[in-house]
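Visitor: Shown below is the structure under consideration.
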Amino acid sequence: MRNRLIAVVSVVALVLVAFLAGRHYWGMIAGEEKVAAAIGGPFTLVDTQGRTVTDADFRGQFMLVYFGYTFCPDVCPTSLSTVAAAFDILGDKAEAITPIFITVDPERDTREALTDYAAAFHPRMVGLTGSAEQVQAAARAYRVFFAKVQEKGADPDDYLMDHSAYVYLMDRDGKYLTHFPHGIAPEEMARQLAELL
Ligand code: NI
């Protein structure tokens with residue numbers, strides 16, 4: 001009788017543990033999928049030639065997307081140099097990826113400034129701008145935060161843009177694959193890119 005009771009209690013305990021572990025596991029997976037599905041999506045912007053460009057124009061190519069601005073004192077130049085260095089390491093393999101720089105400062109970043117800036121980092125880097133609404137919508141799709149930071153009494157053109165500094169890798173269908181944090185070593189970025197291409 002006593003043995004039977006112990007057996008029943010053990011089975012109940014085992015089922016309960018399995019249930020809780022399973023719920024935790026599936027909850028984690030569902031959460032991750034949700035985050036992945038939420039990054040990226042359709043955008044409509046303007047290239048440095050003044051042409052309307054959408055995410056659909058890059059199908060068939062991996063996109064490496066970064067949001068920033070040409071007046072950025074150090075974060076953007078560091079991130080974009082890292083991308084360029086990772087591309088050098090990847091060599092021919094990098095040709096499957098289109099690097100895209102989207103300005104969060106369309107007010108000051110003229111098409112000319114964007115052209116020169118993007119080209120300074122990589123000859124194939126695409127600079128994109130757009131109306132304030134278009135840029136805002138693209139940033140929202142990528143869950144990128146940005147905000148103007150201006151000192152009191154400063155000249156209207158004298159300000160910084162606070163912004164997220166992740167580099168996003170999207171696959172040939174425009175779907176999110178991964179992102180790279182600011183400060184990642186070019187070797188590490190290249191290693192991860194080579195694995196995902
Ligand atoms: Ni920046």
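Visitor: Search segment 74-114 for residues being more than 16 Å from the ligand (Cβ to nearest atom) and touching a strand residue (DSSP E or B) at 6+ places or on another chain (Cβ under 6 Å), and hand back the single one that is least open to solvent (accessible area, probe 1.4 Å).
Guide: I97
Visitor: So which of G60, G41 ends up being in a loop (DSSP other than H, G, I, E, B), within 13 Å of the chain's Cα centre (by Cα), touching a residue at least 60 places away in the same chain (Cβ under 8 Å) and away from the ligand (no atom under 16 Å from the Cβ)?
Guide: G41
Visitor: Another question about this same structure. Return the pairs, sorted by first residue and then second, in which the second residue is small (G, A, S) and within 9 Å of the ligand (Cβ to nearest atom), the first residue lies in segment 68-81 and is under 13 Å from T103 (Cα atoms), the beta carbons are less than 7 Å apart, and the residues are 6+ apart or on different chains.
Guide: Pairs found: G68/S79; C76/G68.
A quick yes/no check of all residues on (1) closer than 25 Å to R140 by Cβ; (2) touching a helix residue (DSSP H, G or I) at 6+ places or on another chain (Cβ under 8 Å):
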| site | (1), (2) |
| --- | --- |
| V167 | yes, yes |
| H179 | yes, no |
| A185 | no, yes |
| E188 | no, no |
| L193 | no, yes |
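Visitor: Follow-up. Within segment 159-175, can you find the residues that are more than 16 Å from the ligand (Cβ to nearest atom) and either open to solvent by 60 Å² or more (accessible area, probe 1.4 Å) or more than 24 Å from C72 (Cβ to Cβ) (or both)?
Guide: Result: D171, R172, D173, G174, K175.
Visitor: Let me ask something additional. Restricted to segment 44-57, and to residues that are exposed (fewer than 14 other Cβ atoms within 10 Å of the Cβ) and either under 25 Å from L160 (Cα atoms) or in contact (Cβ under 8 Å) with a residue 12 or more places away in the chain (or both), which residue is farthest from the ligand (Cβ to nearest atom)?
Guide: The residue in question is A56.
The values are calculated or read from the model by the stated rules, or taken from the named source; none is laboratory data. These figures come from a predicted structure and were not determined experimentally. Glycine gets a Cβ as well: all are built from the backbone with ideal geometry, and neighbour counts include every protein chain shown. Quick note on the areas: whole protein, heavy atoms, side chains included, nothing else; ligands and nucleic acids left out. Shrake-Rupley method; radii C 1.70, N 1.55, O 1.52, S 1.80 Å.
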